[in-house]
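Here's the structure, in structure tokens; my notes come after.
Since every read-out is calculated from the coordinates, none of them should be taken as a lab result. Just so we're clear, the structure is a prediction, and the values are computed from it rather than from any experiment. Here the Cβ positions follow ideal geometry from the backbone for every residue, glycine too, while neighbour counts run over all protein chains shown.
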Amino acid sequence: MLGCGISPDKYTFPCVIKACGGLNNVRLGKLVHQTIRLTGFEFDVFVGSSLIKMYAENGCIGDARYLFDKMPHKDCVMWNIMLNGYVKKEDSSSALQMFLGMRYSDIRPNSVTFACILSVCASEAMVVLGTQLHGLVIRCGLELDSPVANTLLAMYSKCQKLFDACELFDRMPQTDLVTWNGMISGFVQNGCMGEALHLFREMISIGVKPDSITFASFLPSVTESACFKQGKEIHGYIVRHGVPLDVFLKSALIDIYLKCRKVEMACKLFSQSSTTDVVVCTTMISGLALNAMNSDALDTFRWLLKEKMRPNSVTLASVLPACAGLAALNLGKELHCNILKNGLDGRCHVGSAITDMYAKCGRLDLAHHTFERMSERDGVSWNSMITSYSQNGKPEEAISLFRQMGKGGTKFDCVSISAALSACAALSSLHYGKEIHGFMIKGAFSSDLFAESALIDMYAKCGNLDSARSVFDMMQGKNEVSWNSIISAYGNHGRLKDSLTLFHEMLENGIQPDHVTFLAIISACAHAGQVDNGAHYFHCMTEKYGIPARMEHYACMVDLFGRAGRLNKAFETIKSMPFAPDAGVWGTLLGSCRVHGNVVLFRQMGKGGTKFDCVSISAALSACAALSSLHYGKEIHGFMIKGAFSSDLFAESALIDMYAKCGNLDSARSVFDMMQGKNEVSWNSIISAYGNHGRLKDSLTLFHEMLENGIQPDHVTFLAIISACAHAGQVDNGAHYFHCMTEKYGIPARMEHYACMVDLFGRAGRLNKAFETIKSMPFAPDAGVWGTLLGSCRVHGNVELAEVASRHLFDLDPQNSGYYVLLSNIHADAGQWGSVHKIRSLMKERQVQKVPGYSWIDINNITHIFSAADGSHPQSAEIYSLLNNLLLELRKEGYVPQLYLPMHPQTMGL
């Protein structure tokens, strides 16, 4: 045109400017702008509007504003262009200022104006301003204008004013597809999934045909509820009506199927020839990881890379849980490097996923380092780190981080509160748990069912079952999580009857049990030794309620049979599993079996294809230590060397413990000295080993070496030191290290520390001091603490204090026969035979069965087991003959045997 000598006019330039904008070529647009300025058309309303629009839509809002301010005449279109530009730029403050400027001018806002400014109110949740604008819209006669009405619906929905949105929706004389989509989306955003489904069906019934946006609005409700029936219904509608299966619909349907545990259907849909991009792959990876199919998740990720798709931050955050599930630390590190290279580490959801991966792989140090490097932290990031500390045996750090989170201004939610309460439960810190309870009441968390359920668990684990029940009784709208918490609380306290009563109450209230409910019931049966009851509820779960048994249910059943000594039945349970048992299941069995059985099962575990890890190896070594089976312990040591576990710090620490408990302190020290990169667990193991052998001086020397090597002691270190002081009778030393732990290192004393202090004073005969220690505890003492005091009362013959301790023990652990026998023996020592008779009668009344004690010895790799007055051994005659000969020889040397129990006067014929 220019080449032909024809000059462009004010109608030509807008077309050229529009073309530049469509090409996103701002540079060319600026050249055209210079030409316009030279020709004198810059301030023409039509040309100026085109230039402002080109700048605003291509991110040059500063240039747009500069030209806008210079314009001598501004029409409504020009104001709307600027408003829309600020909205797209997410600059709400400038958009509001622009709207106010328009109101002060003589330009009347139209429907486009209101749609823009109401969208700002929606994004910023400015409900007051939005309501005022609604009044202005009514005065302008635009309330029922479709764009304005639809924006008002969105604004009220996002501001959680669903009632106002429904009122407006009902007043609208005509509703189009956009309106229905907006209302459905509003219900979904406010968690009203049932109403969203009802509206979706109503929409279809009146003949409004849904489009991809409808499904985009509605499908999240199905995904959230994980309702397979609804998901399948939607999928059927899409197929029948030929709705194009775009990327969003495909990924949403896959997400529903995976959340409903329908992995096969999800895989079938994923493999269809329709569009599969990085979004669909990410959904598939995330869902497979959710279903513990971590290897398949990683295979999908490898396929994505093979197809030359570029993973985004969400994809990488979805792969990391699969690495955590497989404990694939090296692969997790590779992904972390990839994230750093691509500059994605600053995003909160990615940082949280990395933190969680390192924590689940046992590398809390790297998790903490990643957390500290995060430039921005949201609630999810804090929650991830707090939960990681809480679940990895670092409750002190979890509580410390919880406090930092509050001080930093990040708002707490039910996840952070639940994690902090879980840490309080681990520490038995009733005092701090009550503080959080108080905060929950003030912060309106007292009606949050998940936080309240965590509160029940905290009170129960701190020994305050009455408070746990009080919280439960005051809850409104109890769900299955609430019922599961209280059922589990009673079960863990050995009150199976109450657990079952609550279970039936739960059913009467119309709450359906889930897999967690039955896990709590079976676990309670295991603790109570009710094998038949446990088996009944397992079959009830799978057959009556159709709930498939998970890995944890099988582990619980193995524990149930193992505790009862029915090892063959426990092993049969493992063999009957429909999926490969993990190391945790084998570890449960290994912990329940005798040594010879352990080694056989340890080998069987390898033959079954299960990979050994530090958990299974540690469990086997722990069993060897418990039975002083040095021979089998050495076998496992040899396997560790061959299987590259000789450099695993946790397995090596278990090896130190095994050698020490089998009496071979030199081998324990040799393992320790050869370790590379010792951590606090390694030092704790060797310090404890020397302490248990009565070598307090060596324990303290190692403790100071530990400090010199820059390793900070933890609660386990001080437990080992105080225990060593107790064994050596060094009361002052033990008290010194207890105060050193709490005051110098700021480590709060746990239940086991107080039990150790009671033992320290009790062994030295300072029973009143032991009792004062119990009374000074900041939380309710458990059966272990009172049991320690009762044992000391037996040694020193303190009947009065024994009665006090036993009253607490009979409440805390009423089915433990050992406490009844111990108290009976104390009364017998004092010649109080009437009290002995009362205790025996109480045992019969409560149906407490005395569990016989056993001793064993390994000779030539054969384990020989004995009980009191046992005559079952094939060589019993020779053994008793030898014992009698030894007793005669001892008497000749002046030994006078002291009976374990004094004889009743009637028995002695007095």
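The gain in end-to-end length when the Tyr895 to Ile857 segment is fully stretched comes to 11.1 nm, 0.36 nm per residue minus the alpha carbon separation. Cα centroids of the range 533-578 and the range 676-708: 41 Å apart. Computed from label points 7 Å out along Cα-Cβ, the spacing between Gln132 and Ser881 is 10.7 nm.
Applying 1/(1 + (r/R0)^6) with R0 = 30 Å to the Cβ-Cβ distance of Asp75 and Asn25 gives a FRET efficiency near 0.70. With the convex hull drawn around the C-alpha atoms of the range 136-247, the volume per residue stands at 105 Å³. Relative to one another, the C-alpha centroids of the range 82-150 and the range 316-360 are positioned 42 Å apart. Extension gain, Met172 to His536, is 125.2 nm, computed as 0.36 nm per intervening residue step minus the present C-alpha separation. For Lys769 and Asn679, the FRET efficiency from 1/(1 + (r/R0)^6), where r spans their Cβ atoms and R0 equals 35 Å, is about 0.50. When the range 34-154 is described by a simple charge dipole with +1 on each Lys and Arg Cβ and -1 on each Asp and Glu Cβ, the residue from Ser146, Gly59, Phe43 located farthest towards its positive end is Phe43. For the chain, the longest piece that avoids every one of the chymotrypsin sites (Phe, Trp or Tyr not before Pro) found in DSSP loops with at most 12 other C-beta atoms within 10 Å covers 12-578. Per the Cα gyration tensor, the chain maps to an equivalent ellipsoid with semi-axes of 69, 30, 29 Å, ordered largest to smallest. Placing unit charges on the Cβ atoms only, positive for Lys and Arg and negative for Asp and Glu, gives the range 742-874 a dipole magnitude near 220 debye about its Cα centre. Distance between the 7 Å Cα→Cβ label points at His739 and Lys411: 4.7 nm. Residues within the reach of a label modelled at Ser400 (point 7 angstrom out along Cα to beta-carbon, backbone nitrogen below 16 Å), restricted to the range 735-753, are 741-750.
For Lys838, go through the lysines and keep the ones whose alpha-carbon is under 24 Å away, minus same-chain ones fewer than eight residues off. Of all the lysines, those that pass the test against Lys838 - Cα under 24 Å, at least 8 places apart if same chain - are Lys850. Computed from backbone phi with θ = phi - 60° and the Karplus coefficients 6.51, -1.76 and 1.60, the 3J(HN,Hα) list for the range 672-684 is 4, 5, 8, 5, 10, x, 4, 10, 5, 5, 4, 4, 4 Hz; x is used for glycine and proline. Fully extending the segment from Ala580 to Ser146 would add 150.4 nm, taking 0.36 nm per residue of separation and subtracting the current Cα-Cα distance.
Footprinting exposure proxy ranking of Met577, Met98, Met751, fewest other C-beta atoms within 10 angstrom first, gives Met577, Met751, Met98.
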